[in-house]
Amino acid sequence: MTTGAQALDEPIRSRRNHWNNQLATHAQMRPDAVALRFKGVDTTWRQLHERSGKFADALARRGVGFGDRVLILALNYPEYLEAVFGINALGAIAVPVNFRLTPPEVAYIVSDSGAKAVVTDSVLQPLAVAVRAQAPGLESVFVINGASGDGVIGFDDALAEEGEAHVARDIPEDTPSLIMYTSGTTGSPKGAVLSYANMNAQALTCIRALSSTPDTVGFCTSPLFHIAGLGSLAPAFLLGSKTVLHPLGAFDPVEFLDAVEAEGATTAFCVPAQWQAICAVPGVKERRTALEVLSWGAAPASDSVLEAMAECFPNASNVAVFGQTEMSPITCVLEGKDALRKLGSVGKPIPTIQTRVVDDEMNDVAPGEVGEIVYRGPTLMQGYWNKPEATADAFAGGWFHSGDLVKQDEDGFVWVVDRKKDMIISGGENIYCAEVENVLFAHPKIREAAVIGRTHEKWGEVPVAVVALHDADAELTLAELEPFLNESLARYKHPKDLVVVAELPRNASGKVVKVQLRKDFSS
């Protein structure tokens, strides 16, 4: 039964421009079109809308309402997105969580966010149950591909329940939709609060940057707990285009290429380490893919990786997207037409945001000089959840401080020099780790590299290179490396020690965990 108040509210709700309304539109206008494809099984827009609504009903019957937080601790499944839409249908906030965290780390996020429920899957159910034991506020555990019992609720069982449906309500665009916890590579994670308006602005950014249309077939390899995952799906929700969800697990470049070919994917996002592996697959140049756009981000890409991408996929545009969780995430885009002309740049700031490159006193630096890039704009987060001091620090001077050190040329293109906290000061000279890493990447024996600082009695700090080699049985010494470094780097920038490892530690986003490298090799 519709009450008078609900009837008056309906015209307001129907004008809202956020992904719940976009989902409802596609369910009505193109109900049988494919929204998601996962392991050969299609989910239509009507199915996605109906199942999301049923999950919202199940949450509401368990006391979840407007503003409440619900964790999602799961691998990539269509149900993950059904959960996000169901949570948001109540005006509640979805909190995607890195499934590689330990129980105490997840319990910290439960405590910090004040979550009332969690959506997990049968693989991660033991982790979720262990977390609930440490976080008593977590009242309900829903399990994708799981059965009800032992204090948990099967996701499909929850959707099959009979009972009162949730009451639809108006949800303004500035309402928080997501709390995305940063990867925490330098300390405890912080929850970036992102609104529906943030994600809609992100959708428009992607549509412009990747030339997306309703006919685009997106290929999602990113974990959905990462902003690169949900952020890459935002344009599909707006346009009603199809997305192929790739199962998570150890990344296999051959499986990636096979799936891209079989599904007719037209656009794909991967982190640079994945593109490097893809381009190394024998016969990759002979593959017949429908790829029109290759995009990368989340970590720096070396010149050699970018050149390999251009060589292996000559008919596809190579688009760099740069940003961070707090910006929903894209802030800069390097379009395909500029990829070779501005090789190594992350592109220009997108036209919908404001940027400056500043020194420590918030003075603008001249073109070509190094400074921190700061932001304003519609994709900017509302702040860090439950952390007013960290929010105030991040917004000092009225701009969001990215922590990224960059140079901007006369044409407005941005080059990332380093993370502000990752810069080494040696004998009074600034050494940017990313610059040294880019040179190391070009060495024929080196597969991946990271540079960290080590305390030095005379110089204060000196750089140390940690590398993994293409050939696990090969050897590389600092003496052998020196002549190669001399061609590109000033002597004071040379690593003073070389550590060879089997592989670099990375988090689930593909970023090198330098806090671990510093712990292991900085002394």
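The values are calculated or read from the model by the stated rules, or taken from the named source; none is laboratory data. Note that the structure is a prediction, hence the values are computed from the model and not measured. Here the Cβ is made from the backbone with ideal geometry for all residues, glycine too, and neighbour counts use every protein chain on show.
Matching residues to (1) assigned by TED's automatic domain parsing to the domain that holds K348; (2) in a loop (DSSP other than H, G, I, E, B); (3) touching a helix residue (DSSP H, G or I) at 6+ places or on another chain (Cβ under 6 Å):
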site	(1), (2), (3)
A197	yes, no, no
Q202	yes, no, yes
T205	yes, no, no
A209	yes, no, no
P214	yes, yes, yes
G229	yes, no, no
P235	yes, no, yes
V244	yes, no, yes
(message) Take E162 and tell me if it is at pLDDT below 95 and in contact with a Lys or Arg (Cβ under 7 Å, 6 or more places away or on another chain).
(response) no
(request) Being touching a helix residue (DSSP H, G or I) at 6+ places or on another chain (Cβ under 9 Å), in the same structural domain as S328 (by TED's automatic domain parsing) and either farther than 25 Å from G114 by Cα or surrounded by 17 or more Cβ atoms within 10 Å (Cβ to Cβ) (or both) narrows it down to one of P378, P367, so name that one. (result) P378
(message) Quick check on F269: is it in contact (Cβ under 8 Å) with a residue 40 or more places away in the chain, under 18 Å from G347 (Cβ atoms) and not in a helix (DSSP H, G or I)?
(response) yes
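Residue-by-condition table, conditions (1) closer than 23 Å to G231 by Cβ; (2) under 27 Å from the mean Cα position of the chain (by Cα):
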position: I12; (1), (2): no, no
position: N20; (1), (2): yes, yes
position: Q28; (1), (2): no, no
position: W45; (1), (2): yes, yes
position: G53; (1), (2): no, yes
position: Y77; (1), (2): yes, yes
position: Y80; (1), (2): yes, yes
position: A89; (1), (2): yes, yes
position: A94; (1), (2): yes, yes
(request) Test A197 against the criterion of being surrounded by fewer than 21 Cβ atoms within 10 Å (Cβ to Cβ), within 23 Å of I93 (Cβ to Cβ) and not hydroxyl-bearing (S, T, Y), and give yes or no. (result) yes
(request) Would you check if there is a residue in segment 95-105 being out of contact with any Asp or Glu (no Cβ under 9 Å at 6 or more places or on another chain), part of a strand (DSSP E or B) and touching a residue at least 40 places away in the same chain (Cβ under 8 Å)? (result) yes
(request) Identify all residues within segment 318-344 that are in contact (Cβ under 8 Å) with a residue 60 or more places away in the chain and in a strand (DSSP E or B); write none if there are none. (result) V319, V321, F322, I330, T331, C332, V333, L334
